[in-house]
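Have a look at the structure below before the remarks.
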Amino acid sequence: MSLNAKFALSALAAALILNIPVAAEESAKPTAAPAPEAEASTAEPGKKKRYNAMAIKHYNRGVELHQTGFLNQAVEEYKAAIESDPTLLEAYTNLGLIYSFQRSYAKAIEAFNKALELKSKDTTALNGLATVLYARGRVDEAMTKWKEAIDINPRFASAYCNMGTALENEKDYSKALGCFVKALRINPKMADAYYSIGNIYYKDKHPAQAYLFLSKAIVLSPEAEFVREAKHQISTIDGQLGKDEPATSPDLRMNLIPPQQNQAQ
């Protein structure tokens, strides 16, 4: 899978959990539609701002279209929401996610920066901006934004996973593995992270470990884009070692990922 494709998947996955209020990595399912009164990013501490009702209507319609893959229509709804209420931060963030997926990077950067003007510590916008900066070759800036997002929210699994993907692409496999492991500690069902670890072990000629992680990735996400390549890698391992070898090889390391723990809600 290409680097851009892996980032695009992460962006869409993040988009599917977005609805007011946004809490990336804190919910695996879409949250309920916002009430007419919601806490705005620009509101003073302890105060709430009533979003424009028409803005909320357009925004929620945009989320529905976004979730079902009608991205161009979702863009128009998010724009309409912003026109009705320019303080609706999540509309800018979702625009950035769509533009990232469509590789309209200049528009994505503009949208994420608009969101950060409203809330400088918005982790979803920081993660999205980092992804786009990396795609544009601005590696150091991207790493800075990912680290900033993680400093704000140490449980932001997608930021760890995206940073890991970038480090893997830069061939810094040791640090990449560290990022993917942290992502899995937070979200043990993150199939992309399992695949990435398996892919690194496969390239580094540790077939037993690769077999485990590639197999786990397929089980967790059998329809993912990486599945075809993962199956090819597993088939190659089978041909090298025999189908029973990965389960009994003395090279097997079972302690890379710690036991699952109850996740904070």
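The values are calculated or read from the model by the stated rules, or taken from the named source; none is laboratory data. Given the structure is predicted, the values throughout are model-derived calculations rather than measurements. Note that each Cβ is placed from the backbone with ideal geometry, even for glycine, and that neighbours are counted across all protein chains shown.
Taking residue 223 and the conditions (1) among the charged types (D, E, K, R); (2) free of Cβ contacts under 8 Å to residues at least 24 places away in the same chain; (3) in a helix (DSSP H, G or I), which numbered condition does it fall short on, given that it satisfies the others?
(3)
For segment 189-209, what are the residues that are in contact with a Ser or Thr (Cβ under 6 Å, 6 or more places away or on another chain) and either under 17 Å from residue 229 (Cβ atoms) or not in a helix (DSSP H, G or I) (or both)?
Of the residues in segment 189-209, the ones in contact with a Ser or Thr (Cβ under 6 Å, 6 or more places away or on another chain) are 191, 208.
Within segment 189-209, 191 is the sole residue that qualifies.
Of the conditions (1) exposed (fewer than 15 other Cβ atoms within 10 Å of the Cβ); (2) at pLDDT below 95; (3) under 25 Å from residue 104 (Cβ atoms), residue 203 fails just one. Which one is it?
Result: residue 203 passes all but (3).
In segment 137-158, what count of residues is obtained for those that are touching a residue at least 40 places away in the same chain (Cβ under 8 Å) and in a helix (DSSP H, G or I)? Even if it seems obvious, please write down each step before you answer.
So in segment 137-158, the residues touching a residue at least 40 places away in the same chain (Cβ under 8 Å) come out as 153, 155-158.
Those still in the list that are in a helix (DSSP H, G or I) too: 157-158.
Residues meeting the conditions: 2.
Does residue 81 satisfy the criteria of being under 22 Å from the mean Cα position of the chain (by Cα) and either of a type outside the set (A, V, I, L, M) or in a helix (DSSP H, G or I) (or both)?
No; evaluated as a whole, the condition is false for this residue.
Which ones in segment 88-131 are surrounded by fewer than 23 Cβ atoms within 10 Å (Cβ to Cβ) and assigned to a loop (DSSP other than H, G, I, E, B)?
Across segment 88-131, the qualifying residues are 102, 103, 104, 119, 120, 121.
For the condition in contact (Cβ under 8 Å) with a residue 12 or more places away in the chain and more than 15 Å from residue 163 (Cα to Cα), what is the one hit in 134, 99?
Exactly one of 134, 99 is in contact (Cβ under 8 Å) with a residue 12 or more places away in the chain and more than 15 Å from residue 163 (Cα to Cα), namely 99.
Please count how many residues of segment 128-179 are within 14 Å of the chain's Cα centre (by Cα), hydrophobic (A, V, I, L, M, F, W, C) and under 22 Å from residue 92 (Cα atoms).
Residues meeting the conditions: 9.
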